[in-house]
Structure formats: structure tokens, C-alpha cells
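One structure is given below, encoded as C-alpha cells.
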Amino acid sequence: MGHSERVMRPQMLPLGATRFVGVHALIALVLLPAQVQSQELKHWVNATGLDAVTLLFGLAAVLLLAAALGVMFIARARRRERQSQEGRMAPENTYEVALARWIEEGQQLFNLWQERVERLDELQGRLAAMTQEIDQLRQEGEALLLERDHLRSILARIGELIQRASEVRPGATGGAAPEVGA
């Protein structure tokens, strides 16, 4: 069955059923008056008190209603069947769908972990740079401490020299100071 047949067949069946019922109703309308000639049918029609045209019209209406209901039930059944086929999967498809879902979830998890590893690598790089910077600052700090200690020792030496110079000064004039008054 070709693709166009599969597409058109569900649409053609209700039309065909309607035509089929309509044709039969028309045949019944045309042929029934010819068959009314029989005594039994004529007797039954007279007993009901209806004329043949009214009876045939009622029969046509019932047949038309039955055809419409049949078309409606067929369309509903096909719609349900289509929906159930879409909702229902063959067992081999169920495994494929589950496997595909697992693969997709695995890919998402892998991508997430890959992003986290990249972020970790970035953080480790930044940490290594910060560690190197801290070591450099520590070395500079130690150099500054050594320079400070050296400057303190120089200032202490200068302080000692100033103190000695102030002590030596009164006696450094080369002898005794002239006495004033004697």
C-alpha cells in the first residue's frame, strides 16, 4: 500500500460508507413502491395508518441516521487507534527509546563533568599563580626585613658614634681647659 493510499484510505472509507448507505436508501425509495404491491406489506402499511411515502421517508431518515452514526463511530475508532499506536511502542522500540534517553542523559552528565573539570583546571591555574605571587611577596618581605635590620644596625652604630662624640668632646680640646679666675 503506497503512501497516498495510506493517507487517503481513512478519508475515503467514511465517504464510501455514506455513499453506500445513500445509494441503498435511494434504491429502497424507488423500489419499495413497486414491492408494495404485495398483499402482506400493503396490509401492514394500511394497519399502521401511514401512507407509503411517509413510511419510506421515515425509513430513509433512519438509514441516514444509522449511516451518520456509523461514520462517526468509525472515525472515532480510527482516531483512538492512531492515538494508541502513537502512545504504544513495540517492545524493541521501548528499549531503543530507553537506551536513547540514557545516552542523552549520559551525554548531559559528561558535558557537565567536562565543564566542571575545565573550571577546576582554571581554578588550579589561578591557585598556582596566586601561590607563586605569595612566594614572591614572601621573598620581598624577607628582603625588606633584612634591609630593615641592616638600617637599624646602621642607626644604632650612628647613635653610638654620636654618643661617643658627645662624651669625647669636652675632653678632646687637648688638655685641660683654662681656668678662669685663678
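Just a few scattered comments:
- Were the residues from residue 103 through residue 164 laid out at 0.36 nm apart, the gain over their Cα-Cα distance would be 13.0 nm.
- Cβ-derived FRET efficiency at R0 41 Å, residue 118 paired with residue 82, nearest 0.05: 0.30
- Placing dummy labels 7 Å off each Cα toward the beta-carbon, the span from residue 61 to residue 156 is 12.9 nm.
- Formal net charge of residues neighbouring residue 141 (Cβ-Cβ distance under 11 Å; K, R +1; D, E -1): -2
Bear in mind that the values in this text are calculations on the coordinates, not laboratory data. Please read all numbers here as calculations on a predicted model, not as lab measurements. Because the Cβ atoms are built from the backbone with ideal geometry, glycine has one as well, and the counts that use them run over all protein chains shown.
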